[in-house]
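Chemist: Handing you a structure now.
The values are calculated or read from the model by the stated rules, or taken from the named source; none is laboratory data. As the structure is a computational prediction, the values presented were derived from the model and not from experiment. When we count neighbours, we look across all protein chains shown, and the Cβ atoms used for this are built from the backbone with ideal geometry, even at glycine.
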Amino acid sequence: MADCIFCRIVSGEIPATIVARTPDAVAFRDLNPQAPTHVLVVPTKHLAGITDADDDEGERILGRTIRLAIQVGKSLGLSEGGYRLVMNQGNDGGQSVFHLHVHLLGGRRLTWPPG
């Protein structure tokens, strides 16, 4: 999608600090980190949000996107202390970029409730 910033990062049109990449997903550092470690993991295929993943293909995309988030958490040394994966859906859910994505947050004790 031409006007989607995450699609443009996935394609390499917009530079980002890439942490990991698979054929199905890309992980990169958030420009406005909310924790010492804040990585965004996005599928390479554009889906506007979680509700667009409600089919077999969406299940595959979600699984592979979350799997990359888990692998990045391990590679960054966050597994032992813990981390949080967050997915927002729609305006009321706090979604600001309408390309499905997972926030990987860690590096400090995270509080609850989040917002």
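Chemist: For the range 7-25, give me each residue that is of a type outside the set (Gly, Ala, Ser) and within 15 Å of residue 104 (Cβ to Cβ).
Modeler: Listed by number, the residues that qualify are 17, 18, 19, 21, 22.
Chemist: Could you list, in sequence order, the residues of the range 8-33 that are surrounded by 15 or more Cβ atoms within 10 Å (Cβ to Cβ) and either of a type in the set (Lys, Arg) or on the phi > 0 side of the Ramachandran plot (or both)?
Modeler: Passing the criteria: only 8.
Here's the yes/no breakdown for (1) among the hydrophobic types (A, V, I, L, M, F, W, C); (2) more than 20 Å from residue 24 (Cβ to Cβ); (3) touching a Ser or Thr at 6+ places or on another chain (Cβ under 7 Å); (4) surrounded by fewer than 16 Cβ atoms within 10 Å (Cβ to Cβ):
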| residue | (1), (2), (3), (4) |
| --- | --- |
| 67 | no, no, no, yes |
| 87 | yes, no, no, no |
| 91 | no, yes, no, yes |
| 99 | no, no, no, no |
| 106 | no, yes, yes, no |
| 113 | no, yes, no, yes |
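Chemist: Working carefully through the options 36, 113, find the one that is modelled with pLDDT of 95 or more, of a type outside the set (A, V, I, L, M) and at negative phi.
Modeler: Among 36, 113, only 36 is modelled with pLDDT of 95 or more, of a type outside the set (A, V, I, L, M) and at negative phi.
Chemist: From 48, 69, 53, grab the single residue that is modelled with pLDDT of 95 or more and closer than 23 Å to residue 108 by Cα.
Modeler: None of the others qualify; the one that does is 69.
Chemist: Continuing with the same structure: Could you check, for the range 21-34, whether at least one of its residues is touching a residue at least 60 places away in the same chain (Cβ under 8 Å) and under 13 Å from the mean Cα position of the chain (by Cα)?
Modeler: yes
Chemist: Go through the range 1-23 and give me each residue that's in contact with a helix residue (DSSP H, G or I) (Cβ under 6 Å, 6 or more places away or on another chain) and closer than 22 Å to residue 84 by Cβ.
Modeler: Across the range 1-23, the qualifying residues are 16, 19, 20, 22.
Chemist: Suppose we filter 40, 62 for residues that are touching a residue at least 40 places away in the same chain (Cβ under 8 Å), crowded, with 16+ Cβ neighbours inside 10 Å and hydrophobic (A, V, I, L, M, F, W, C); which single one remains?
Modeler: 40
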